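The values are calculated or read from the model by the stated rules, or taken from the named source; none is laboratory data. Small disclaimer: the values here were computed from a predicted structure and weren't measured. Methodologically, a virtual Cβ is constructed for each residue, glycine included, from the backbone with ideal geometry; neighbour enumeration extends over all protein chains shown. With ligands, DNA and RNA removed, areas are computed over all heavy atoms of the protein, side chains included. Shrake-Rupley method; radii C 1.70, N 1.55, O 1.52, S 1.80 Å.
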Amino acid sequence: MSKKYVIANFKMNKLDAEVGNYVDELKEKVKDMDLEIILSVPFVSIKTAVWHAQGTNISIAGQNLNENDFGAFTGEINAEMLCAVGANAVLVGHSERRNHFKETDVVINKKIMKGLRSGLLSVLCVGETLFDKKNNLTTQVLQKQITESLNSIYANELSHIVIAYEPVWAIGTGVIASKEEISNAIKTIRSLLVDLYDEKIASEVKVIYGGSINEKNVKDISSISNIDGVLVGGASLDVDKFYKIACAFNTEKKTKKKTKSEQKSK
Ligand code: PEP
């Protein structure tokens, strides 16, 4: 069974020293876990986070990247810069970027391309607004976002893309999508991938959920059969809560192994 993804998005939170302390605490707690654990931290703390996470099962991501190469783009950070400080993943197209910074699917597509060509794992965020949901536009919205964001991306590059279904109405609101809504959206995303690529590719792409996940509701969400993990905002700021969320996705295999070795040491 392939590993599940548990991804934190700190957004514009935590000072550099706090990020370092967080990684130190988390790495002890998750060291035996069989998961892809990724922390998306503010740009200025990537180097610190990478340093504290060295030799652990935690990867560090940026929360955005600029789609251009080097040049006159004041205040921006590109893919090569992220790689140079040790990030190996990046969030792309988060709804806060789409909303506050007017990122379009065309720009998001360019960002993914740059990320891929630099070797970064791109976590592509997609999802409908409340207006879209109320007007039964979810499938249409996902279709546009996925088709345009993945334009000209080759099938063999999809192993470097994780798709995060993040309904905008569930982000930071405390209103979580139902299991059925999540499962249906994941099915829709996979069927779009079948149309764009093929069955095999579509079944291999990781599709995760984000939106008001916390340590209390995660158990229920982790039982969704077609979910490959979660992207966590608010609850990821507390290391204990994030650890509990990770526990819900830790695979059985590793837990069994741990139990055996625990028995040996007795
Ligand atoms: C997010 O920002 O990607 C997110 C899922 O936020 P929250 O968990 O706070 O809803």
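Before moving on, here are some points about what is shown:
- Listed residue pairs exceeding 21 Å between alpha carbons, taken from Lys29/Lys187; Lys144/Lys179; Lys3/Lys244: Lys29/Lys187; Lys144/Lys179
- Value of relative contact order over the stretch 5-265, rounded to a whole percent, pairs C-alpha under 8 Å and six or more apart: 20 percent
- For the stretch 1-151, Kirkwood radius (reciprocal of mean inverse C-alpha pair distance, Å): 16.4 Å
- The stretch 2-103: GluC sites (Glu not before Pro) in DSSP coil with no more than 15 other Cβ atoms inside 10 Å: Glu76
- Of the trypsin sites (Lys or Arg not before Pro) found in the stretch 14-63, those that fall in a DSSP loop while having at most 12 other beta-carbon atoms within 10 Å are Lys31.
- Rule-of-thumb Rg ratio for the stretch 5-265 [Cα; 2.2 N^0.38 Å; N residues]: 0.98
- The loop-placed trypsin sites (Lys or Arg not before Pro) in the stretch 178-250, going by DSSP, that have at most 16 neighbouring Cβ atoms within 10 Å of their Cβ come out as Lys216.
- Per residue accessible area in Å² of the chain, where ligands, DNA and RNA are left out and the probe is 1.4 Å: 50 Å²
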